[in-house]
1. P(r) for the stretch 261-420, please, calculated from all Cα pair distances in 5 Å bins and given in %.
2. In vacuum, with every alpha carbon of the chain counted as one equal point scatterer, what does the Debye formula give for log10 I(q)/I(0) at q = 0.06, 0.09, 0.11, 0.12 Å⁻¹? Two decimals, please.
3. Take the alpha-carbon centre of the stretch 177-199, take the same for the stretch 337-386, and report the distance between them in whole Å.
4. May I ask which of Lys34/Lys148; Lys143/Lys210; Lys15/Lys56; Lys101/Lys283 have a Cα-Cα span longer than 21 Å here?
5. Scan the chain and report its longest stretch carrying no GluC sites (Glu not before Pro) that are both in a DSSP loop and have at most 14 other Cβ atoms within 10 Å.
6. Can you sort Val224, Val202, Val292 from fewest to most other Cβ atoms within 10 Å of each residue's own Cβ?
7. In whole angstrom, note down how far apart the Cα centers of the stretch 430-500 and the stretch 1-77 are.
8. Arrange the following residues from fewest to most other Cβ atoms within 10 Å of their Cβ: Arg180, Arg113, Arg226.
Amino acid sequence: MSYVLGIDIGTYESKGVLVDRNGKLVAQSAVPHKLEIPHRGWAEHDAEATWWHDFKQLSKSLIHMARMNYGISADEIEAVGVSSIAPAVLPIDRDGTPLRKAILYGVDTRAEREIAALNEAIGEERVFEIGGQSLSSQAAGPKMKWIKHHEPEVYEKTYKFLCGSGYLVYKLTGQCVIDRYTAVNYAPLFDIHTLEWNDESVSHMTEADKLPALTWSTDIVGTVTRQAAEQTGLAPGTRVIAGTADAMSEAISIGAIHQGDLMMMYGSSTFFILTTDRIMKTKELWPNVHIVPGANTLTGGTATAGSLTRWFVDQCLGRDMGSGEASNWSVQQAYTYMSEQAGLSPPGSNGLITLPFFSGERTPVHDASAKGMMFGLSLNHTTADMYRSLLEGISFSIRHNLDVMQELGASVKRIVSVGGGVKNELWLQSVSDICQVRQAIPEITVGAAYGNAYICGMALGWHDNLEEIDEWVNIIRHIEPGVNDREVYERHYAIYHRLYERTKDLMKDL
């Protein structure tokens, strides 16, 4: 039997799995880490101390478990696949040393001025024509320009700008690459038509030779070096694929790859990937390619979700209570307690409505200045009402994205949900009730790491196409939409929209 290793780097946690060619989980492990917020509107990770540290720890742990439990050696692992939060911007020097901490995806909103400058220099319509999407905090290009403008000494030393999965691939193989699915979010650098870097727009941000080589996720781009083998426990020569963004690997892991399938990822933020038959240009969502040529997607994502519930649990149950540090509470105990309490609050949270824009907002609002709000607070409200209102506010933001998809004519035939949030039954039901959708829940919800393992199998020729993931996936239950509370949710959803429209100018002033 042959095996593949899949590892994913998330916002607050990294996960890894060892899988055989039939999709059986041989070993799995997870490592928590911190999200660094050095200034308001910034979000960073230390690439060496977080990304590479987690990879090394997970790799060694998985190989050890496989050896102890099944007698599997590192030599039997045929390939390694990685994914990470995306897009991230990490400048490295010629020795591969990170020159600063990685600037993360849309939760980092520092590049507002650079977005405005690029829209002015290139033209908003031209930006949209090149990349198929408008610039927002999700775009990586303006963050490169931010480094060039604010940290010129870093920029001058930069050999390559890498993404999260790209840095892990570099550490393993010495190759500097980026998969095309991730590269689309390097707007406005990537041309959605040619599927190559666009020389016209690149010139406004950086030099072309500072960009990594473009590839497809299933491509084998190198092998594990002897130095990397010593640090990870992998065998030298183990093949390494290009990898991709965490959300795409999540979608593959649950079989949400058929036309009309929508992956709904409940993570630190919520993310959506709808498999489409064509590139659907829209300024409200993010059109994208897939991990293989010829397939397309329509994607979107909120700025907060699990990060918001984590913040609330931390504040209400004590500093870092949600992480289980400096307390007698485990992570699971803390969230279980708050969910039980929230279940005591009725649908509609006793008249409390939350705008979940605690880190700006991504799709479809695209407003880095958006602020969080709890509207309707009174002396009668409890933390249970507040927590339920957070879940309902996130659900409203999800519905807003689904409404836009419907308006675009994008057909959603099936929703498959995954991520840490699927453990929260109240949240799942809230989304189904507010959005009036049915959600399929798969048996294995390990997430992106499992998807990485399947992508490895494709690279090795174990699978002929994406559709064969159906043999790995077993849907075990569905969350059905309720009808009893539709009136209160419809009323609150209307107020949710009006609250933002009436206060967005004040948010910017603040």
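1. Result, from short to long distances: 2, 9, 16, 18, 17, 15, 10, 7, 4, 1, 0, 0 percent.
2. Treating every Cα as an identical point scatterer, log10 I(q)/I(0) equals -0.25, -0.59, -0.90, -1.09.
3. Between the Cα centres of the stretch 177-199 and the stretch 337-386 lies a distance of 36 Å.
4. Going by Cα-Cα distance, Lys34/Lys148; Lys101/Lys283 fall outside the 21 Å limit.
5. Numbers: sites that count: Glu207, Glu325, Glu443.
No qualifying site falls inside 1-206, the longest such stretch.
6. Taking fewest neighbouring Cβ atoms as first place, the list is Val292, Val202, Val224.
7. The stretch 430-500 and the stretch 1-77 have Cα centres spaced 23 Å from each other.
8. Fewest to most other Cβ atoms nearby, the residues stand as Arg226, Arg113, Arg180.
Any read-out appearing in this document is the output of simple, stated calculations on the displayed coordinates, not a laboratory observation. Keep in mind the model is a prediction, meaning the values are calculated, not measured. Cβ coordinates were reconstructed from backbone atoms using ideal geometry, including for glycine residues, and neighbour counts include every protein chain displayed.
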